[in-house]
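Written below as structure tokens is the structure these notes are about.
The values are calculated or read from the model by the stated rules, or taken from the named source; none is laboratory data. From a predicted model like this one, the values you see are computed outputs, not experimental measurements. Every residue, glycine as well, gets a Cβ built from its backbone with ideal geometry; the counts of neighbours run over all protein chains shown.
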Amino acid sequence: MPRLLTALTALLCLLLLAGCGSEDDTPTASPTPTSAPSPIATIEATATLSPTPTESATATTEPTAEPTGPAEPELNPEPATVSGRGIQGLGEVTDARIGAPFGLDVRYPRIASLDPFNAAVAAEVQRQIDEFSAQIGTPTPLPDGRIPQELTLTWRLLVASADVIGVRLDTYRFFGANGAESSTTIWFDLQGGEAMPAVALIKDNASIERLRTLVAAVIARDRPDDGIDLDVPTPPIELYDTLGFDAAGRLIVTFDEAEVAASFVGQVSVAIAAEDVEPLLSAFGLRALAEALDPATSLGIGVSGR
């Protein structure tokens, strides 16, 4: 009995010791961390954020300059000319004077052995002198005796070959307080031996009307604010009396001062593209165009030199 009691006591002690060890050695579960990031994680995330596509485009895009209208218009283009150097027989007639009935400074070409051409040019010059005289009447001299009114006329060769000759006469009329510029062209057909008006370069009346339409379109495009009016009662033979070609084959049409616009606008010139004007040219006009595109370097009657 005492042994049994002792054994029970020992077993009870072992059980008590085992229970105490279980409470002290069993690890407790750590609390589950919350989803909130640590301060370090927050800083790193902020530092590595790249800008959104909208922010990037705003920061780097620069404004671009786009044209807002047509290219700069070409005002008053000029026809091609030839110098006349080396053209045998080409000379100049000069008529200059100071005083009554008015001042005169006139220069125009003369070609030896080509009397029909010379006569045509001289007749046009005289016509202009007579017209100016009629315009000013009998001028009143200034106190010092000078006559302020004056007519100035110069010339330039547009084409000069053994086939076609074209000359342009440029005139300035000074009326005493103001003046006006005008031009005219004389074309000479050496095959037929006769002077031709400028409109002889154009094929027929329908082509002249087509030319009017083309000129109006160019003026509307390039000079819409100049008040240019082509609907004037002047006959085409007078209105289109100054025609020439440039080196690109364009037809240069020139109107006198105050002819189709107010005086302050001055002379009006437009260029008609070669591809538009070529179908409108007469046989004589096509020959003149060919000479303008490939100018001769000498002039011999009946002999073409280049």
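I147 passes every criterion in (1) assigned to a loop (DSSP other than H, G, I, E, B); (2) of a type in the set (A, V, I, L, M); (3) surrounded by fewer than 14 Cβ atoms within 10 Å (Cβ to Cβ) apart from (3). Scoring V82 on the criteria (1) over 30 Å from D222 (Cα atoms); (2) at pLDDT below 95; (3) among the aliphatic types (A, V, I, L, M) leaves a single failure, condition (1).
Quick check on F284: is it surrounded by fewer than 20 Cβ atoms within 10 Å (Cβ to Cβ), at pLDDT 95 or above, part of a helix (DSSP H, G or I) and of a type outside the set (S, T, Y)? Yes: the conditions hold for F284. Across region 227-282, the number of residues qualifying as on the phi > 0 side of the Ramachandran plot and in contact with a helix residue (DSSP H, G or I) (Cβ under 9 Å, 6 or more places away or on another chain) comes to 3. For region 140-156, check the following and say yes or no: at least one residue is in contact with a helix residue (DSSP H, G or I) (Cβ under 6 Å, 6 or more places away or on another chain) and under 24 Å from A290 (Cα atoms). No, there is no match, as no residue in region 140-156 is in contact with a helix residue (DSSP H, G or I) (Cβ under 6 Å, 6 or more places away or on another chain) and under 24 Å from A290 (Cα atoms).
Look at region 122-136: where a residue is more than 14 Å from L104 (Cα to Cα) and a partner is of a type in the set (S, T, Y), sitting 6+ places away or on another chain with Cβ atoms under 8 Å, you get A122/Y108; E124/T184.
Among the residues making up region 166-179, those that are touching a helix residue (DSSP H, G or I) at 6+ places or on another chain (Cβ under 8 Å) and modelled with pLDDT of 95 or more are G166, V167, L169, T171, R173. Those strands (runs of 3 or more DSSP E) of region 163-218 in which 3 or more residues are under 30 Å from the mean Cα position of the chain (by Cα), within 30 Å of T140 (Cα to Cα) and among the charged types (D, E, K, R) are absent.
Of everything listed in (1) under 27 Å from L211 (Cβ atoms); (2) surrounded by 17 or more Cβ atoms within 10 Å (Cβ to Cβ), the single unmet condition for E181 is (2). Within region 233-278, the residues that satisfy the criterion of being of a type in the set (G, A, S) and either assigned to a helix (DSSP H, G or I) or touching a residue at least 24 places away in the same chain (Cβ under 8 Å) (or both) are G244, A247, A248, G249, A258, A261, A262, S263, G266, S269, A271, A274.
Among the residues of region 93-130, those that are outside any strand (DSSP E or B) and touching a helix residue (DSSP H, G or I) at 6+ places or on another chain (Cβ under 7 Å) comprise P101, F102.
Scanning region 93-118 for residues that are exposed (fewer than 11 other Cβ atoms within 10 Å of the Cβ) and either on the phi > 0 side of the Ramachandran plot or at pLDDT 95 or above (or both), we see that the one that is farthest from the chain's Cα centre (by Cα) is S113.
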